[in-house]
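The values are calculated or read from the model by the stated rules, or taken from the named source; none is laboratory data. Keep in mind that what you see is a predicted model, and the values were worked out from it rather than measured. Positions of Cβ are generated from backbone atoms using ideal geometry, with glycine treated the same way; all protein chains shown enter the neighbour counts. SASA here: full protein model, heavy atoms, side chains in, ligands and nucleic acids out. Shrake-Rupley method; radii C 1.70, N 1.55, O 1.52, S 1.80 Å.
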Amino acid sequence: MKAAVLYGASLRWRVIEFRRYAFDTLSSVLSIYGFFVVIFLGAKLFGGDRPGFGHTLEGVVVSYALWAFTILSLGSLTFELTQEATEGTLEQLGMSPFGLVRVLLARVASSLVVYFVVWSGLLLVMMTTTGKWLNLDVVSVVPLLFVTLVGMIGVGFVLGGQAIVFKRIQNALQIYQILIIALVVVPADRVTVIKFLPLGWGTHLLQRVLVDGDSIFELGAGDLLFLVANSLFYFLGGIAVFRLFERAARERGLLGHY
């Protein structure tokens, strides 16, 4: 019951924040869409139907949409920790009876729900703009998407841990964003190392559903189990690393200072 209250409150807080700062939200969405149009037109102009890396133009739509969703989700956690530290309220979160990790998990979960609604609308606009319609099999896409993002949440916790210790990591976050581009663009079935990194194998399976028209029941149990194991590894590992950063921040008295 207490967990339900925590997650419900986090979701309400997220929705209120989006409504209250609607202009900033709209500006973020428009910038993502504008950047996508530039990338898509460039790929179509110089790459024809196969712009590179084994992707079709439909694959470009999927890769960019997944990248945008991942960046929004990861960035929110790091930004919030930095903002809480700046405002001097981070220590209060750390004193919560739920613990800092559970509070952050609730915030990430609420962010994923809200961003998924925004992302779905943005994906429809992208498909309308490009005329490249994907296989929107909700039964297949939603589970694959959220299992894939579980691993990236772990990466987000690593970034969050760095934020509470080093405070300013905006430049490092930009490096991570570039690395994420590689994870969604380079095909995991052709470059073996990508398969073992977060997001890589999930992107591959989502490409098979959205572009090739496969269903989740046609992907194979081995592929699905590998995705689950991969995501859990990075999720649990990310939380473990975050706890180390949190412990270091507490010992050095950094939670209450910026």
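Distance between the C-alpha centres of region 145-175 and region 197-254: 13 Å, rounded to the whole angstrom.
Among the protein heavy atoms of the chain, carbon and sulfur supply 67% of the accessible surface, probe 1.4 Å, non-protein parts ignored. Across the chain, Cα pairs under 8 Å and at least six residues apart give a relative contact order of 27 percent.
So for region 109-258, what percent of the C-alpha to C-alpha distances run longer than 23 Å? So the portion of pairs separated by more than 23 Å is 45 percent.
Taking 0.36 nm per residue of separation and subtracting the Cα-Cα distance, full extension of the segment from Arg250 to Ser28 would add 76.5 nm.
If you count only protein heavy atoms with a 1.4 Å probe, what accessible area per residue comes out for the chain, rounded to a whole Å²?
Averaged over the residues of the chain, the accessible area is 50 Å².
Which of the listed residues, Val114, Trp67, Val185, is farthest toward the dipole's positive end in the chain, when Lys, Arg count +1 and Asp, Glu count -1 at the beta-carbon? Most positive-ward Cα: Val114. Under the combined filter of DSSP loop state and at most 13 neighbouring Cβ atoms within 10 Å, region 157-225 retains these trypsin sites (Lys or Arg not before Pro): Arg168, Arg190.
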